[in-house]
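Here is the structure we will look at, set down as structure tokens.
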Amino acid sequence: MNKIWNPQIECMDRSEIIKLQNERLRNVVKYEYERVPLYRERMDKKGVKPEDIRTIDDLKYLPFTEKTDLRDTFPYGLFAADKKDIVRIQGSSGTTGKPIVSGYTQNDVDVWTEMMARTLTAGNADQDSIVQVCYGYGLFTGGLGAHQGASKIGAMTIPMSSGNTARQLIMMEEMGTTHLCCTPSYALYLGESIREQGIDRSKLKLKCGFFGAEPWTEEMRKQIEELLGVDALDIYGLTEIAGPGVSFECLEKAGMHVNEDHVIPEIIDPATEMPLPYGEKGELVFTTITKTGMPMLRYRTHDICRLHDEKCACGRTLVRMERLMGRTDDMLIIRGVNVFPSQIESVLVGVRGVAPHYMLVVDRQKATDSLEVQVEVTDDMFSDSIGGLDSIKKEIGEKIKSVVGIKAQITLVAPHTIPRSEGKAKRIIDKRKL
Ligand code: DLL
């Protein structure tokens, strides 16, 4: 039996959903125009007034919002609510060292919590469930998002946060965890650890897992399901829009239901920026229609996927997103952390003795991602002592850790050995099969 947290909304007639979206869209556009200078200026420049936006078909007249807008107006430029009404800040990494932050009012935290409550319910979690959250707690939305949703449905919630696999496994076994929230690569790692340690799978009570924050495949789903004995569900979200739960799979595993009473998804052609019909592959764009802290109009996610509006066998009528098919930009997700090559480059240009020629090699071994940064040393440095080279490696490693938030292996290579490109530089070798 497939449980539904809010059937009234999740199974609403499409015509009713669209009516609700039209009404909420009109309100949010007016609200943004009145409160956020960036939106007002951009709409004025396009000659669009809030009254021109009547229905979701008018979305195409609105300007887009980009991650760079959040960076350029950091920290408070896009806040629509008064600071005193903001109760939470969450964040992720941006294209440079500056974080990307979003401010949430209590309303926004409640909206997000509702989305995650629906997500967990779609995997049959309820007040009898024991939910182990191994997403990181902190600025990253994974931990707190899953936690809030699990608390809302009345589940026993274990806020493990990420890491410390031995302790995760003890808790899972002894507490009788039924539902697991973590990245798919960590789920695989947990599964492999269970097998390696010879833990008796029949002692585990796991039923279902909610895995997201990074790309994964149907093949990984099968492996995780086999290793952990769970239904492995895909969940999607992003800090700028809410966090995890923006869309979620049900046990039909036939695409992620978008919480359309709170967000309007569109697919656009990333080159022409024109909207594409359901079923076509393109870039996913979201407009939030119930947030008040920092609502987003036509936020370009740079994630590539398809949308479908047929009713799901579970009864939900919400539009479904296919598994993500990649990105339109060069953002990598390494151990769940968003990494832009430009961040690495900004570190390298500030280090004496290295040239701005580098290659990022990403790999995955035993379900754990690794990042190797190969960088050329300058001619002068090349003839320097090993001690000098070691201290450069150390400096780069520390700076990358502090700017990007992950540990990288640094390999210094001889001058002129990184292949030069005549066109767009190729700076990434991703050996993971995602
Ligand atoms: O990753 C929120 C999240 C936490 C989602 C926990 C699911 C579970 P950000 O750090 O802002 O937020 O990163 C957002 O991660 O634009 C996608 O590129 C990627 N992403 C998120 N979920 C998936 C998924 C969180 N299920 C960025 N499949 C997004 C593939 C995903 N990529």
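The values are calculated or read from the model by the stated rules, or taken from the named source; none is laboratory data. As the structure is a computational prediction, the values presented were derived from the model and not from experiment. Backbone-built Cβ (ideal geometry, glycine too); neighbour counts: all protein chains shown. All accessible areas refer to the heavy atoms of the entire protein, side chains included, with ligands and DNA or RNA removed. Shrake-Rupley method; radii C 1.70, N 1.55, O 1.52, S 1.80 Å.
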Check: In the stretch 33-83, which trypsin sites (Lys or Arg not before Pro) fall in coil by DSSP and have 14 or fewer other Cβ atoms within 10 Å?
Finding: ARG54
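Only bridges whose two residues both fall in the chain count here: according to DSSP, what percent of them are antiparallel, nearest 5?
65
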Notebook entry, point to check: Mean projection of the alpha-carbon convex hull of the stretch 270-351 over all orientations, in nm²?
Noted result: 8.6
Next item on the list: Tabulate in residue order the Karplus-calculated ³J(HN,Hα) for the stretch 222-234, using 6.51 cos²θ - 1.76 cosθ + 1.60 with θ = phi - 60°, rounded to whole Hz; enter x for Gly and Pro.
Entry: 4, 4, 4, 4, 5, 5, 9, x, 10, 7, 9, 10, 8
Next item on the list: Could you tell me, in Å, what Rg and Dmax come out for the Cα atoms of the stretch 1-124?
Entry: 17.1, 52
Next item on the list: Send over a whole-number figure in Å² for the accessible area per residue of the stretch 296-434, probe 1.4 Å.
Entry: 49
Item checked: Distribution of pairwise C-alpha distances over the stretch 188-238, 5 Å bins, in % -> 5, 20, 30, 23, 13, 7, 2, 0
Margin query: Taking all protein chains in place and a 1.4 Å probe, what share, in percent, of the accessible surface of the stretch 1-158 do carbon and sulfur account for?
Written below: 51
Notebook entry, point to check: In whole Å, what is the distance between the alpha-carbon centres of the stretch 75-114 and the stretch 174-230?
Noted result: 31
Note to self: To check my understanding: the extent here is largest minus smallest coordinate of the Cα atoms along each principal axis. What are those three numbers for the chain, in Å, largest first?
What the structure shows: 71, 63, 42
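Give me the compactness ratio for the stretch 346-412, meaning the Cα radius of gyration over 2.2 N^0.38 Å.
Relative to the 2.2 N^0.38 Å estimate, the stretch 346-412 comes out at 1.13.
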Next item on the list: For VAL413, list long-range residues whose amide hydrogen, built 1.01 Å from N in the peptide plane, is under 5 Å from its own amide hydrogen.
Entry: VAL375, GLU376, VAL377
Item checked: Within the chain, helix-based [θ] at 222 nm, where runs of 4 or more DSSP H residues each add -39,500 (n - 2.57), nearest 500 -> -9000 deg cm²/dmol
Note to self: Using Stokes-Einstein with the Kirkwood hydrodynamic radius over Cα pairs, what translational diffusion coefficient do you get for the stretch 134-256 at 25 °C and a viscosity of 0.890 mPa s, in µm²/s rounded to a whole number?
What the structure shows: 169
Item checked: Spin-label pair GLU34/LYS431, simplified geometry with 7 Å Cα→Cβ offset, distance in nm -> 5.7
Margin query: Limiting things to C-alpha atoms, what are the Rg and the maximum Cα-Cα separation (Dmax) for the stretch 206-260, in angstroms?
Written below: 11.4, 34
Margin query: From the gyration tensor of the Cα coordinates in the stretch 112-196, what semi-axes in whole Å does the equivalent ellipsoid have, largest first, with each one equal to sqrt(5λ)?
Written below: 20, 14, 11
Margin query: Beyond a 19 Å Cα-Cα separation, which of these cross-linked pairs lie in this structure: LYS3/LYS152; LYS366/LYS431; LYS394/LYS433; LYS60/LYS311; LYS30/LYS60; LYS401/LYS426?
Written below: LYS394/LYS433; LYS60/LYS311; LYS401/LYS426
Note to self: What whole-number distance in Å separates the alpha-carbon centres of the stretch 287-321 and the stretch 333-363?
What the structure shows: 32
